[in-house]
Amino acid sequence: MDLRIYSDYKELSKEAAKLIMNVVNANPTGLLCLAAGHTPIGIYKCLVDFAREGKVDFSRCKFVSLDEWVGLGMQDEGSCIKFMHDNLFNPLGILESNIAFFNGQASDPELECKRIDEFVLKNGPIDVVLLGIGINGHIGFNEPGSPFDAYSHVVVLDEITKEVGKKYFTVQRQLEKGLTLGIKHFLEARNVILVASGAGKAEIIKKTVESPPDTSLPATALKLHNNFYLLLDKEAASLL
């Protein structure tokens, strides 16, 4: 585990973006898996700036979905796919043919998981996975108890995840299930970056750093990876 602590969110975001930029510059046709959510917004702003400055070119990269709320699609505010288009894909001008995302409105969610697995098998391994962490230790929608040897799967969301997830929506949503890449995808990726910001993440970060790999705390699985970067700002690292 490569633990790096930065003074604030702005520095954290820029340094995480540099790591991703370096991966892409080393392999301009690589496969990327990048998380939706509030924490990565600053990272994506930096990546867009880097691209506009000519420091990196994402045009030949492929992008695979990390997760999605079951029942939500591109037209839904708060969906992962809309978030990624608004904050990264559209500003970068990424072609739809280079994007493979879970369809949260698919009639057969299990088949949708197989479709994403096949995309990763064809275009992978994933060159870099960017993850956030839930206050219950989830990564993607791999909730506590998720096996370390699973690929994409349908998840019954933890009560904590459903409650915290409400912040992404301006209208009330019934959040019950999710689609997610499995932990085995992360362990088979070339690089994994986990970012956390703010005092609200300090306790789960402390548990993750101090605990051995255990399915009760999914983020600890990443400690089994040879190229695992844990990037924190001072507040998230305050209990270490």
Given charges at beta-carbon only (K, R positive; D, E negative), |dipole| of region 1-135 in Debye: 460 debye
Global geometry of the chain, whether rounded, prolate or oblate, following the gyration tensor of its Cα atoms and the 1.5 cut on a/c: rounded
Above-threshold pairs, the threshold being 26 Å between Cα atoms, out of K55/K122; K177/K201; K55/K206; K167/K201: K55/K122; K55/K206
Cut-off under 5 Å, modelled amide H: who pairs with A35 long-range: L130
Accessible-area composition of the chain, carbon plus sulfur, in percent [1.4 Å probe]: 50 percent
Solvent accessible area, Å² - M1, 1.4 Å probe, full protein context: 100 Å²
DSSP-defined antiparallel bridges as percent of all bridges, the chain, nearest 5: 30 percent
Per residue, in Å², the accessible surface of the chain once ligands and nucleic acids are set aside, probe 1.4 Å: 45 Å²
Area accessible to solvent at L12, 1.4 Å probe radius, in Å²: 0 Å²
From phi via Karplus (6.51, -1.76, 1.60), per-residue ³J(HN,Hα) for region 180-196 in Hz, x at Gly/Pro: 8, 5, x, 4, 4, 4, 5, 5, 8, 6, 6, 9, 10, 10, 10, 10, 9
Sequence-distant residues sharing a close amide H with K177 (under 5 Å, placed H): V70, L157
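The values are calculated or read from the model by the stated rules, or taken from the named source; none is laboratory data. Small disclaimer: the values here were computed from a predicted structure and weren't measured. Every residue, glycine as well, gets a Cβ built from its backbone with ideal geometry; the counts of neighbours run over all protein chains shown. Each accessible area value is taken on the protein alone, full model and side chains, heavy atoms only, with ligands, DNA and RNA left out. Shrake-Rupley method; radii C 1.70, N 1.55, O 1.52, S 1.80 Å.
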